[in-house]
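The values are calculated or read from the model by the stated rules, or taken from the named source; none is laboratory data. These numbers come from a predicted model, not from an experiment. Virtual Cβ from ideal backbone geometry, glycine too; neighbours counted across all protein chains shown.
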Amino acid sequence: MDVPVGYMERLIAALDPHGSGDLAEWVGDAVRAVPRHQFVPDVGLIAPRDSEPYLIDRVADPAAWWDVVGSTAAIVTQLDDGATPLTALTGHYTSSSSSPATVADLLNVLAPEPGMRVLDIGTGTGWTAGLLSHVAGPDRVVSIDVDRRVSDQAAKNLAAVGLQPHLVVGDGARGCRDFAPYDRIHVTCGIRDIPYAWVKQCRPGAIIVLPWHPGFGTGHCLRLEVRADGTARGRVVGFAGYMMMRAQRLRPDERPERDEERRRYWTALDPRALDALSASADLAVSALTGLCSHTESGVDEDGEWLCMRVSDPADPGSWATVMRRPGRTRHVVQQAGDRPVWDEVLRAYVRWVEQGEPSWSDFGVTVMAEGTRVWLHSPDNVL
């Protein structure tokens with residue numbers, strides 16, 4: 001395969017677009033040694049935020065394929081756990097070649113070193129397992145994925161670049177005891193409930209880096225350090241959006257909804273304040289309520305609209321939707337189920353404001369055998 005001149009250096013430059021120097025040199029070295037194009041299939045699906053999804057095809061249009069592979073775009077490689085072909089263009093995105101910028105950010109925070117034992121949760125295409133193998137050594141890296149077909153293809157991708165880390169098929173939430181204890185755990189799927197098994201399988205002083213999706217709003221990069229007392233503690237250090245771990249996806253409510261259960265009223269709280277405008281408010285709502293949200297937006301004959309749906313992951317029958325239209329000071333709320341979820345969101349938002357609207361970087365997490373605690377400013381100030 002003829003690699004376009006300058007492709008690799010353009011990709012590495014895109015990992016640190018402002019030249020801040022925050023990106024560790026070893027990350028660029030690893031990207032050179034384990035090139036992304038070896039891990040991207042001939043046909044991939046691109047899903048831009050503001051336009052329709054489309055396919056890239058290395059055979060039909062090699063120039064377009066290389067342009068995307070050499071960029072920081074995420075490339076979807078599987079729909080509906082393999083039940084739907086990519087050519088269908090629609091379905092649930094269930095595996096991908098993640099954005100190299102996000103991959104680099106998480107690896108930068110993880111800071112693995114040669115000889116460390118590393119557990120990679122979510123093998124996917126195998127690229128991150130390859131990057132970690134370049135640093136720690138292939139025999140020191142264990143990568144686990146729940147999907148055998150995905151894992152088998154990753155093994156082929158890795159073999160093509162001369163790497164053979166330990167690949168395991170199984171539930172990543174359980175970790176992998178066979179190769180424990182670990183010095184680093186790197187997670188490549190969205191996590192709502194942080195498994196204590198990961199903490200238990202680490203050495204004291206080990207680092208766990210994961211895309212934390214506590215439920216409400218955006219995903220966050222969480223860095224945890226394992227302590228000698230068997231807990232792990234750390235802070236939110238940035239943003240990271242990933243597809244959810246298969247075992248932690250939200251399940252649709254299958255109960256029939258009765259008309260009399262739905263209630264309609266108005267709210268003065270603009271749902272944008274809980275969407276893109278304030279990631280810290282999202283964290284507060286997640287910690288105080290345990291609720292989940294999903295936001296959609298678009299344009300119709302009445303102009304731009306934004307709709308937020310809030311639900312209880314333990315009882316999807318308890319939900320609310322809030323519809324925002326431009327120029328309005330009140331927004332329509334529809335609510336159903338036994339739990340008044342939007343009322344709880346409002347109370348959590350007020351509490352966040354009363355706390356002085358703290359930044360997302362003020363939030364931290366402690367993971368224990370008894371569960372996870374979210375705190376503000378200090379581990380002693382549990383929300």
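One line per residue, one yes/no per condition, for (1) farther than 21 Å from G219 by Cβ; (2) in contact (Cβ under 8 Å) with a residue 12 or more places away in the chain; (3) of a type in the set (K, R):
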| position | (1), (2), (3) |
| --- | --- |
| P100 | no, yes, no |
| R148 | yes, yes, yes |
| H166 | yes, yes, no |
| G170 | yes, yes, no |
| R184 | no, yes, yes |
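For the range 278-372, give me every one of the strands (runs of 3 or more DSSP E) that falls completely inside it and has 1 or more residues that are without any contact (Cβ under 8 Å) to a residue 60 or more places away in the chain and on the phi < 0 side of the Ramachandran plot. Walk me through it before giving the result.
On the way: elements: 292-300, 303-312, 315-324, 331-336, 363-368.
In the range 278-372, the matching strands (runs of 3 or more DSSP E) lie at 292-300, 303-312, 315-324.
So which of A314, A268 ends up being farther than 23 Å from V209 by Cα and within 21 Å of the chain's Cα centre (by Cα)?
Working: A268 fails: within 21 Å of the chain's Cα centre (by Cα).
The match here is A314.
Matching residues to (1) among the polar types (S, T, N, Q); (2) closer than 29 Å to V226 by Cβ; (3) in the same structural domain as H220 (by TED's automatic domain parsing):
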residue	(1), (2), (3)
V299	no, no, no
G317	no, no, no
V322	no, no, no
Q335	yes, no, no
L346	no, no, no
M368	no, yes, no
G371	no, yes, no
W375	no, yes, no
D380	no, yes, no
- [ ] Could you look through the range 136-177, keep only residues that are closer than 18 Å to C202 by Cβ and hydrophobic (A, V, I, L, M, F, W, C), and pick out the one that is surrounded by the most Cβ atoms within 10 Å (Cβ to Cβ)?
- [x] V141
TODO: Specify the residue that is nearest to G219 (Cα to Cα); the eligible residues are those in the range 322-367 that are β-branched (V, I, T) and crowded, with 21+ Cβ neighbours inside 10 Å.
DONE: V365
Task: Of all residues in the range 80-93 being polar (S, T, N, Q) and loosely packed, with under 13 Cβ neighbours inside 10 Å, the one that is nearest to the chain's Cα centre (by Cα) - done: T90
TODO: Kindly list the number of the only condition in (1) in contact (Cβ under 8 Å) with a residue 60 or more places away in the chain; (2) under 27 Å from V237 (Cα atoms) that fails for A73.
DONE: (1)
Open item on the list: Looking only at the range 53-69, how many residues end up being over 21 Å from G91 (Cβ atoms) and in contact with a helix residue (DSSP H, G or I) (Cβ under 8 Å, 6 or more places away or on another chain)?
Closed with: 3
